[in-house]
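Computed from the coordinates by the stated procedures, all read-outs in this text should not be read as laboratory data. Keep in mind the model is a prediction, meaning the values are calculated, not measured. Don't worry about glycine lacking a Cβ; one is built from the backbone with ideal geometry, like all the others, and counts go over all protein chains shown.
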Amino acid sequence: MSTVAFIGLGAMGSRMAMNLIAAGHELRVFNRSKDKTKPFADKGAKVCASPAEAAKGAEFVCSIVADDIATREVMLGRNGVVDAAAPGTVILDSSTNTPAMAREVAGAAAARGVHYLDAPVSGSLAQAQGKELVFLVGGEQAAFDRAQPLTAAMGRMARRIGGPGAGATLKLINNMLSASLTAAIAEAAQAAEAANLDRDATMEVLNEGAAGSRLMKTKLPKMFQRDFTPQFQLELMDKDLRYFLALAQEVDRPAPIAALVRSQYQAARRAQLGKLDSCAVFLQAAGERPRS
């Protein structure tokens, strides 16, 4: 088993890191708020004071932080991973970043003989808990092959998409589609409620139809029940849509649907719904406020 530095112990990262411990890997952990490191210290992980300290002596570094700004800090900052990691170290970055950020870190890592994989994941809390994540990976084939024991401990599938930035690109496409479908489900839910349809029958039939999907099964009940406990925060989906629109501009492709959907999520975030689940876009469209 390997020595793994794990950076970022939020809702997703904490579950992923625990699965690495369960698989027998030795962990060195860092999180900005130290209280989240206690469950890992209790299981024998070494708690580190910086990303650099965590990376020293680790064969692999896993990271999952909020955005490009956080990734730049933990990877390229004064106490960042890239300068501290030994040549040959493999970085598996599961943050949802822009492809440009992924390529920048990959270039800086390569200059030091370190291998960087942009490896965002498809899946939410239940998939992270149950080792059912799908890793979308950009980077060198050899580094991807070396990282297989880690991805197998945290997920059900890992697929190399291409070179640096390819994993980040596909993740933004995936999240644009998820956000768009969630917004469409929110419109459908409002129409069903306004027409006084039986909710259970509505959910059953829609899940059996052409639009049936994991999102339909998970988000439609949450909307009907006004349960916006976060599985994936709305403010993070808004960020991912913003990143997707930047990507569309970079590759010179129109994105009118994504632009419209992003305006809905942006309005919801500005209405202080950002910490709720992404399906709280339903509340913004309906002109409702969350129940206290």
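In table form, for the structure just shown:
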{"read-out": "Expected 222 nm ellipticity per residue - DSSP helices of 4 or more, -39500 (n - 2.57), all of the chain, to 500", "value": "-14500 deg cm²/dmol"}
{"read-out": "Ascending count of other beta-carbon atoms within 10 Å, so fewest first, for Arg32, Arg270", "value": "Arg270, Arg32"}
{"read-out": "Degrees, to the nearest 10: 11-22 long Cα axis against longest axis of the chain", "value": "50 degrees"}
{"read-out": "Distance (nanometres) between label positions extended 7 Å along Cα→Cβ at Leu197 and Phe224", "value": "1.0 nm"}
{"read-out": "Phi to ³J(HN,Hα) by Karplus 6.51 cos²θ - 1.76 cosθ + 1.60 over the stretch 175-180, Hz, x for Gly, Pro", "value": "6, 4, 5, 5, 5, 5"}
{"read-out": "Anisotropy class of the stretch 3-162 from Cα gyration tensor, a/c 1.5 cut", "value": "rounded"}
{"read-out": "Beta bridges by DSSP in the chain, antiparallel share as percent, to the nearest 5", "value": "15 percent"}
{"read-out": "Subset of Lys43/Lys239; Lys131/Lys222; Lys34/Lys56; Lys171/Lys217; Lys43/Lys219; Lys38/Lys131 violating a 25 Å alpha-carbon distance limit", "value": "Lys43/Lys239; Lys43/Lys219"}
{"read-out": "Inter-centroid distance (Cα atoms) of the stretch 51-88 relative to the stretch 227-292, Å", "value": "29 Å"}
{"read-out": "Peptides ranked, highest mean first, by Cβ atoms within 10 Å: ranges 218-226, 196-204", "value": "218-226, 196-204"}
{"read-out": "Relative contact order, percent, the chain [alpha-carbon distance under 8 Å, six or more residues apart]", "value": "13 percent"}
{"read-out": "Label corresponding to Cα extents along the principal axes in Å when calculated from the structure given, among (1) 67, 54, 44; (2) 62, 46, 33; (3) 52, 43, 38", "value": "(2)"}
{"read-out": "Fraction of antiparallel bridges per DSSP, the stretch 3-162 only, in percent to nearest 5", "value": "10 percent"}
{"read-out": "Shape category assigned to the stretch 134-292 from the gyration tensor of Cα positions, a/c cut at 1.5", "value": "prolate"}
{"read-out": "FRET efficiency for Lys56 and Glu208, using Cβ-Cβ distance with R0 set to 51 Å, rounded to 0.05", "value": "0.40"}
{"read-out": "Rounded FRET efficiency, nearest 0.05, which uses the C-beta distance separating Asp145 from Glu250 and R0 of 22 Å", "value": "0.15"}
{"read-out": "FRET efficiency estimate (nearest 0.05) - Cβ-Cβ, Val134 to Asp35, R0 35 angstrom", "value": "0.70"}
